[in-house]
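Peer 1: Dropping a structure here in structure tokens format, bear with me for questions.
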């Protein structure tokens, strides 16, 4: 394609936050920047100027300024950002105290409730005082086993106002999945809802919480948020109390904030855990704050008057990212439940009803909308919608077409990519750049992203390992229980010294955009040629019979051959004609090396609880290796089908 699929209007470019930032940097710092490419070059060549400019432009609040912007910038890892500064994360998210809605919630039942910024501050103050009375101090861990409710955000803000460390996972985790995570970090307080709704059904959480408490003795207090019932019975849970009894509803006390160093721990996030116990990744308050503000204000063009949503659970980093929108004073719209309940138009209905301007979701969701033959452009107004964000897996070029043809033709479609490891993104959208079909618009400001070949040399126009060669503020502070940093270093820096290797197989394009081909550890290698799995999926899923697919490499006769698993519509059986059509589509639109040796129909495809398909678990199963942590999967029983398949023995 020689032309972009979308271009921003002159008015949009002029009004964009990033355009104001370009003028700000030019005026205040004398930098020769006038567009995104020159701003990006400035950000990676003058990080000691760029990051303080972001701090000032986004109005980060601190009780003490930094001694210098960064120390030991040549250390990767090892750089120290904004030493001497003291701030509080929650205070930055609670800077507004007016009657604009801060949080609006909608669930499957259709019930809606909201908190204004005044009400949000008051409720955080009540819960912070209750946590303080319960003995929570800076450095303690407070955990949430919660749906995507306003009360989850309030509990996080209350905990972090004290300097406590927040960690959360979604309520669809099994007991062992929760214990594998929270058991490592030993929380003092656990917030949980009584249950949750999914596809119109109620699922109880309290029975599992009872079993979790037996295995995590560190929990001294359990706070139960009523969600599926008005007065849930908590008498069977040790040290449990309902939220209203814990926090009260009287006059809120003064909200006090503990001011702590820039890199004081804020969040503990978790790796997927499909190869063993999840790694506990510790993120700092200042690094998370400045990185999120950069991405929300500059890359997403978020403003005070916006209404932003992201379809996510509390176990995915996009929840943490979304919550930081409060620091901009925007209205955060939360949805919990199945996005196709009661029908596939549910989230588009919500967008029209609430006037959502920035709509975040996953590539999987957009593909499912297309498969359901839903065309929001024909059934909805979507007048408010300005930006669509997509992450979680690569967004296929055909999905770009679907959005512009059948959702809205004047919208900035920003496919973004990063991860839990950095609680942010390496590649992002940009409101002043065009959108090219199949490409992420740009590398993130301040992120010196390079693509490395097998020899560790930077390349352009060919696929390789996505890496970063410059420190950035949202690098993890540490891994939990890793005092010498050995596991931290092994996770990102062992492959190429001085480079953060992220585990994505990607390419830099002629437009300075990025194409993500999939995880590099799941890369296929037939005949010694590296192939990203996303290249296969986008061809396979063109067929209306295919709901989703998964490709792995199988060792066979001293070579590797590609095995393609497909989950089909309920009324479809895989026959030779469909298998041949799938192979032909792959051959014609990719290369002969992409064509699978076997195409096998499966009843389900294993995925992590955050919704990502897991090629590695399947690859281990078909080679007779154990999957070490089945609890990390949303549907672990699906793996049983892949064991000892007769089709793979010939």
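Peer 1: Please go through the stretch 504-546 and give me each residue that is surrounded by fewer than 16 Cβ atoms within 10 Å (Cβ to Cβ), part of a helix (DSSP H, G or I) and either touching a residue at least 12 places away in the same chain (Cβ under 8 Å) or touching a strand residue (DSSP E or B) at 6+ places or on another chain (Cβ under 6 Å) (or both), ordered by number.
Peer 2: Result: 521, 527.
Peer 1: Can you pull out the residues in the stretch 393-407 that are at pLDDT below 95 and crowded, with 21+ Cβ neighbours inside 10 Å? If you could, list the steps in order and put the result at the bottom.
Peer 2: As a first pass, look at the stretch 393-407 and keep what is at pLDDT below 95: 393-399.
Scanning the stretch 393-407 gives 393, 394, 395, 396, 399.
Peer 1: OK, next. Could you check the stretch 248-270 and list, in sequence order, the residues that are over 16 Å from residue 160 (Cα atoms) and crowded, with 21+ Cβ neighbours inside 10 Å?
Peer 2: Taking the stretch 248-270 as the starting set, the residues that turn out to be over 16 Å from residue 160 (Cα atoms) are 248-253, 270.
Passing the criteria: only 270.
Peer 1: Still on this structure, I have one more. Are any of the residues in the stretch 588-595 surrounded by 19 or more Cβ atoms within 10 Å (Cβ to Cβ) and more than 22 Å from residue 364 (Cβ to Cβ)? Reasoning before the result, please.
Peer 2: Filtering the stretch 588-595 for residues surrounded by 19 or more Cβ atoms within 10 Å (Cβ to Cβ) gives 594-595.
Restricting the remaining residues to those that are more than 22 Å from residue 364 (Cβ to Cβ) gives 595.
Checked against the condition, which is being surrounded by 19 or more Cβ atoms within 10 Å (Cβ to Cβ) and more than 22 Å from residue 364 (Cβ to Cβ), the stretch 588-595 yields at least one hit.
Peer 1: Let me ask another. How many of the residues in the stretch 523-551 are in contact with a helix residue (DSSP H, G or I) (Cβ under 7 Å, 6 or more places away or on another chain) and farther than 30 Å from residue 373 by Cβ? It would help to see each step written out before you state the result.
Peer 2: Applying the first criterion (in contact with a helix residue (DSSP H, G or I) (Cβ under 7 Å, 6 or more places away or on another chain)) to the stretch 523-551 yields 524, 526-527, 529, 531, 533, 535-536, 538-543, 545-547, 549-551.
From what is left, the residues that are farther than 30 Å from residue 373 by Cβ are 524, 526-527, 529, 531.
Adding up the residues that qualify gives 5.
Peer 1: Continuing with this model, one more query. Residues to consider are 68, 48; find the one that is assigned to a loop (DSSP other than H, G, I, E, B) and farther than 12 Å from residue 289 by Cβ.
Peer 2: Values: 48 fails: assigned to a loop (DSSP other than H, G, I, E, B).
Being assigned to a loop (DSSP other than H, G, I, E, B) and farther than 12 Å from residue 289 by Cβ holds for just one of 68, 48, which is 68.
Peer 1: A follow-up question, please. Out of the residues in the stretch 163-210 that are part of a loop (DSSP other than H, G, I, E, B) and in contact with a helix residue (DSSP H, G or I) (Cβ under 6 Å, 6 or more places away or on another chain), state the one that is farthest from residue 128 (Cα to Cα). Break it down stepwise before answering.
Peer 2: Of the residues in the stretch 163-210, the ones part of a loop (DSSP other than H, G, I, E, B) are 163-164, 170-174, 186-188, 194, 199-200, 205.
Pick out the ones that are also in contact with a helix residue (DSSP H, G or I) (Cβ under 6 Å, 6 or more places away or on another chain) and you get 174, 194.
Numbers: 174: 29, 194: 21 Å.
By that ranking, first place goes to 174.
Peer 1: Related question: Filter the stretch 339-391 down to the residues that are at pLDDT below 95 and part of a strand (DSSP E or B), then identify the one that is farthest from residue 297 (Cα to Cα).
Peer 2: 362
The values are calculated or read from the model by the stated rules, or taken from the named source; none is laboratory data. Everything quoted here is computed from the prediction, not taken from an experiment. Methodologically, a virtual Cβ is constructed for each residue, glycine included, from the backbone with ideal geometry; neighbour enumeration extends over all protein chains shown.
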